[in-house]
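Working notes, structure below.
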Amino acid sequence: MILVSGEALVDLIPDPVKMGGYDAVLGGSPFNVAIGLARLGGASAYVGRLSQDANGEALAAMLADNGVRLDFAERDPRPTPLAFVMRGTAATGSRYSFYLDSTAYDGDWPYPTPWPPAAKHLHIGSLTALDPRHGARSLAAFKDARHHGATTSFDPNVRPLVTPDREAARTLVEHEVAEASILKASEEDIEWLYPGRALDDVLADWAKRGPRFAVATLGGKGARVRHADGSFDVPPIRIEVADTVGAGDSFMSSLLFAMDRDGALGPAGATPGQAQLAKWLAFAAKASAITCTRRGSNPPTLAEVEAF
C-alpha cells in the first residue's frame, strides 16, 4: 500500500463561456496523485482531511470510486478548502490562490500512528509539505516512515501565495529532501526556491542530501534526472496540449506505480541504475502527456498508457 498525503479541495476554474463564471472541479495535487496511482492499478490510500459538506462527500466518493482507500482520511465539519485557478500557457502552467483558513484543511494532519505495517511507501506533496501549519508534522511523518523501512517521495509543488517566506520554505524543503527516497520538483519550483541558481546545481545538491534520485520536470522540454552516477534527460513527447492541470501529478503517480511494479518501493527497494530510471521515467512521461491532452486533471489507466 502506498500512502499519499496532502490537500483535497475544489478547484474553481474560469469558464470562458460563462462571463466571470467558474467551473468547480475536484482536485488538489496529492488527491490527484492518489487517484492516478489507483487508476493504474496501484494500491493507494489517501491521508488527509475531508470536509463533511457536499464537496467533501464528493471528494471522498471520487477517491473511493477510483479504488483509493480512505482508512486514514479524517472528516471535519468545516467547509472544503477552495483553489482559484488562473489559466497559464503550456510554458508557464496555471497559477493558484487558496482559501484554506477555517476549512477542513485547517487542523491537525492525520498521519497514521503507529505506522501501518502494510504501508510500504509515503508520498507527501504540495501545501501540507510546506505550509507552516503542517510542514513540521510532514517532516516528522517522513522520518517515521523511514524508521519503519518504508520508502518516501516528496514533491514540493510550491504555492508562493501560501508560503511567501522563501527562506523558511527553502529550509523546510531541504530538511524534507534529506528524508525523501525519491524527489520530484518542477522547474518552476526550483526557480522560485533558488532564484538565479542553475537547475543542474540544485539537482546535484539535492541528490547529495539523501534521495536515490531527483527529477525536475521541464514542461514541454521533458525532464532532467540526477542520480548517483550522473544525470540524463527525459525527452519530451510531442502532443496537442489541451490543458496542463494535473500533468505533474500524473507524472508523480505513474513514476511511483512503475517503481512499485518493479519492486523498487518499500524495504526491499534498492538504488536503481540508469536503465531502470529511464524506463520508469519514460512511462511517467507518457502518462503525463496523456493527461495534457485532456481538460482538467484526468489521469490515464494502465491500458491507456500502454497503448499510447
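Values quoted throughout were computed directly from the atomic coordinates according to the rules given, and no laboratory measurement underlies them. None of the values given here were measured: they were computed from a predicted structure. Backbone-built Cβ (ideal geometry, glycine too); neighbour counts: all protein chains shown.
Could you check how many residues of region 132-150 are surrounded by fewer than 23 Cβ atoms within 10 Å (Cβ to Cβ), of a type outside the set (Gly, Ala, Ser) and not in a helix (DSSP H, G or I)?
3
From (1) in contact (Cβ under 8 Å) with a residue 12 or more places away in the chain; (2) of a type in the set (Asp, Glu); (3) closer than 28 Å to GLU304 by Cβ, pick out the condition that doesn't hold for ASP76.
Every listed condition holds for ASP76 apart from (3).
Cβ contacts < 6 Å: first residue in contact (Cβ under 8 Å) with a residue 60 or more places away in the chain and under 30 Å from ALA268 (Cα atoms), restricted to region 151-165; second residue in a strand (DSSP E or B) and not aliphatic (A, V, I, L, M), any location; separation 6+ or different chain. Result?
That search, which allows pairs on different chains as well, returns THR151/HIS121; SER153/HIS123; ASP155/GLY125; ASP155/LYS184; ASN157/GLY125.
Look through VAL162, VAL215, VAL158, VAL177 and report the one residue that is part of a helix (DSSP H, G or I) and either in contact with a Pro (Cβ under 6 Å, 6 or more places away or on another chain) or of a type in the set (Val, Ile, Thr) (or both).
Working: VAL162 fails: part of a helix (DSSP H, G or I); VAL215 fails: part of a helix (DSSP H, G or I); VAL158 fails: part of a helix (DSSP H, G or I).
Going through VAL162, VAL215, VAL158, VAL177 in turn, the sole match is VAL177.
Please tell me if THR128 is closer than 17 Å to VAL47 by Cα, without any contact (Cβ under 8 Å) to a residue 60 or more places away in the chain and outside any loop (DSSP other than H, G, I, E, B). Talk me through it step by step, then tell me what you get.
On the way: closer than 17 Å to VAL47 by Cα: yes; without any contact (Cβ under 8 Å) to a residue 60 or more places away in the chain: no; outside any loop (DSSP other than H, G, I, E, B): yes.
Here the answer is no, as THR128 does not meet what is asked.
Given the criterion in a loop (DSSP other than H, G, I, E, B), touching a Phe, Trp or Tyr at 6+ places or on another chain (Cβ under 7 Å) and in contact (Cβ under 8 Å) with a residue 60 or more places away in the chain, identify the matching residue among PRO110, PRO116.
On the way: PRO116 fails: touching a Phe, Trp or Tyr at 6+ places or on another chain (Cβ under 7 Å).
Checking each option against the conditions leaves just PRO110.
Can you name every residue in region 261-276 that is surrounded by fewer than 22 Cβ atoms within 10 Å (Cβ to Cβ) and either touching a strand residue (DSSP E or B) at 6+ places or on another chain (Cβ under 9 Å) or in a loop (DSSP other than H, G, I, E, B) (or both)?
Going through region 261-276, the residues surrounded by fewer than 22 Cβ atoms within 10 Å (Cβ to Cβ) turn out to be 261-263, 266-276.
Passing the criteria: ASP262, GLY263, GLY266, PRO267, ALA268, GLY269, ALA270, THR271, PRO272, GLY273, GLN274.
Conditions first: (1) under 24 Å from PRO14 (Cβ atoms); (2) crowded, with 18+ Cβ neighbours inside 10 Å; (3) out of contact with any Ser or Thr (no Cβ under 7 Å at 6 or more places or on another chain); (4) not polar (S, T, N, Q). ARG294 passes all but one, so which condition is the exception?
Unmet condition: (2).
Conditions first: (1) in a helix (DSSP H, G or I); (2) over 25 Å from ARG146 (Cβ atoms); (3) among the acidic types (Asp, Glu). ASP249 passes all but one, so which condition is the exception?
(2)
Return a yes/no flag: does region 128-145 have any residue that is among the small types (Gly, Ala, Ser) and farther than 30 Å from PRO77 by Cα.
Taking region 128-145 as the starting set, the residues that turn out to be among the small types (Gly, Ala, Ser) are 129, 135-136, 138, 140-141, 145.
Now restrict to residues that are farther than 30 Å from PRO77 by Cα: none.
No - not one qualifying residue is present in region 128-145.
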